[in-house]
Amino acid sequence: MDCGILTSKTVLLFLSLTFWAAGAALAYVGSYVIKSYNSFEDFVSDKYSVIPAAIIIGVAVVMFVIGIVGCCATLRESKIGLGFFLIIIMIIFAAEVTAFVFGFIYRGRIKGDLEKSMNSVFQKYDGVNTEAHAVDYLQSQLECCGVNNITDWTAIPWYGQHNNSVPHSCCKAIATQCTGQLTRLDLLNTQGCEAKLEQMLQDVLSYAMLVILGFAIIKLFGMLSICVITCRSKKNDYKRLYA
């Protein structure tokens with residue numbers, strides 16, 4: 001067995017064995033992205049933003065099956081198995097590139113979508129409705145207050161109806177004496193939620209895109225290795241034919 005075949009087989013076996021780990025990692029990333037968006041779904045108007053995550057999870061499921069096929073086809077140097085393995089890798093590669101493109105496109109749309117939807121949700125705040133629970137969760141989790149800053153609450157009806165105070169979700173975690181009055185800003189989170197949520201979603205998407213890119217590069221080397229083994233096998237067939 002020459003060096004090229006040995007190297008290609010090693011690459012393919014490594015690729016096959018890492019399919020399980022890759023599948024688990026992609027499933028985690030996809031689930032984490034969906035969970036992050038679901039936690040703040042009231043502020044994300046574009047529901048298609050979870051398409052990259054859905055694609056990632058679909059790819060992860062297929063990967064577990066492909067790992068077995070890849071190992072068997074590589075060890076047996078089966079042309080049919082390797083051909084099937086190549087087709088599957090190409091499909092996954094295309095899916096990962098698609099997810100990467102979707103993620104790249106949506107990154108530029110996050111700010112505009114958030115600004116429009118967040119203003120609408122905050123205006124509907126009444127302390128008990130669905131929008132109120134979403135706002136309170138957002139403000140307590142991200143330690144923020146208002147869309148752009150804490151003064152945004154002065155233009156929201158709830159503020160005037162409650163003695164010119166902001167919701168308790170604006171209070172700092174350690175501020176036990178916080179009443180929501182703007183006279184005690186030292187007890188309140190004053191930063192706006194839009195910038196923090198935008199940064200969090202940008203970080204999640206960037207992380208997902210980085211993982212996708214890394215696995216796509218591995219797939220590219222896998223496709224090249226299959227081509228090397230297949231071409232070498234054809235040469236051996238020709239030698240046996242004319243021997």
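Each pair of Cα atoms in the stretch 162-229 enters the Kirkwood radius, and Stokes-Einstein at 10 °C and 1.306 mPa s then converts it into a translational diffusion coefficient of 99 µm²/s. The relative contact order of the chain, computed from alpha carbon pairs under 8 Å that lie at least 6 residues apart in sequence, is 25 percent. Along the axis of the charge dipole computed for the chain (Cβ charges of +1 for Lys and Arg, -1 for Asp and Glu, origin at the Cα centre), the listed residues Met223, Ala27, His162 are led at the positive end by Met223.
Using the 1.4 Å probe convention, the accessible area of the chain works out to 53 Å² per residue with neighbouring protein chains retained. Spacing of the modelled spin labels on Ser206 and Trp20, each 7 Å from Cα toward Cβ, amounts to 3.4 nm.
Tell me the relative contact order for the stretch 117-243 as a rounded percent, counting alpha carbon contacts under 8 Å between residues six or more apart.
Contact order relative to length: 21 percent.
Global size of the stretch 93-243: 26.6, 97 Å for Rg and Dmax (C-alpha atoms, Rg to one decimal, Dmax whole).
Computed across the stretch 115-158, the Kirkwood radius stands at 10.4 Å (inverse of mean 1/r, all Cα pairs). Each Cα pair under 8 Å and six or more residues apart adds its separation to the average, and for the stretch 134-205 the resulting relative contact order is 38 percent.
Measuring nothing but protein heavy atoms, the accessible surface of the chain at 1.4 Å probe radius is 65 percent carbon and sulfur.
The values are calculated or read from the model by the stated rules, or taken from the named source; none is laboratory data. Owing to the predicted nature of the structure, the values given are computational and were not obtained by experimental measurement. Note: ideal-geometry Cβ built from the backbone for every residue, glycine included; neighbour counts use all protein chains shown. Note: areas computed on protein heavy atoms with side chains; ligands, DNA, RNA excluded. Shrake-Rupley method; radii C 1.70, N 1.55, O 1.52, S 1.80 Å.
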